[in-house]
Amino acid sequence: MPPDDPRRFPTNALVVDLRSGRLGRIMGHVGPYAQLRAPGGGREWDVDAVRLADADERLRASIAERPAWRHRP
């Protein structure tokens with residue numbers, strides 16, 4: 001299995017779509033594809049090549065996933 005194969009990563013892993021550069025969490029797998037959803041929510045999209053998110057990308061995701069009321073002072 002190639003190192004960028006999305007089937008290597010478990011559900012809920014934070015990854016980067018290598019084609020678009022978008023950050024997402026793996027929501028599931030179908031055939032050779034994984035379905036990703038952006039950290040703040042939204043529509044899922046299919047990917048066939050991903051890499052694990054680095055530390056900066058994980059921080060960005062944790063901020064996006066916070067409830068809106070936590071952003072207020």
Round to the nearest 10 and give me the degree value, 0 to 90, for the angle of helix 55-64's Cα axis relative to the longest principal axis of the chain. 60 degrees
MRE, 222 nm, helices only [DSSP H, n ≥ 4, -39500 (n - 2.57), over the chain, to nearest 500]: -4000 deg cm²/dmol
Could you give P(r) for the chain, binned at 10 Å from zero, as whole percent values over all Cα-Cα pairs? 21, 52, 20, 6, 1
Extension gain, ARG51 back to ALA64 (0.36 nm per residue minus Cα-Cα distance, nm): 2.7 nm
So how far apart, in nm, are the two label points at ARG8 and HIS29 if each is 7 Å from Cα heading toward Cβ? 1.2 nm
Listed by chain and number, the residues whose amide H is under 5 Å from that of ARG51, excluding neighbours fewer than 5 places away on the same chain and using placed H, are VAL16, LEU18
Compute the relative contact order of the chain as a whole-number percentage, counting only Cα pairs closer than 8 Å that sit 6 or more residues apart in sequence. 28 percent
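Readers should treat all values here as calculations from the given coordinates under stated rules, not as data from a laboratory. Computed from a predicted structure; not experimentally measured. Because the Cβ atoms are built from the backbone with ideal geometry, glycine has one as well, and the counts that use them run over all protein chains shown.
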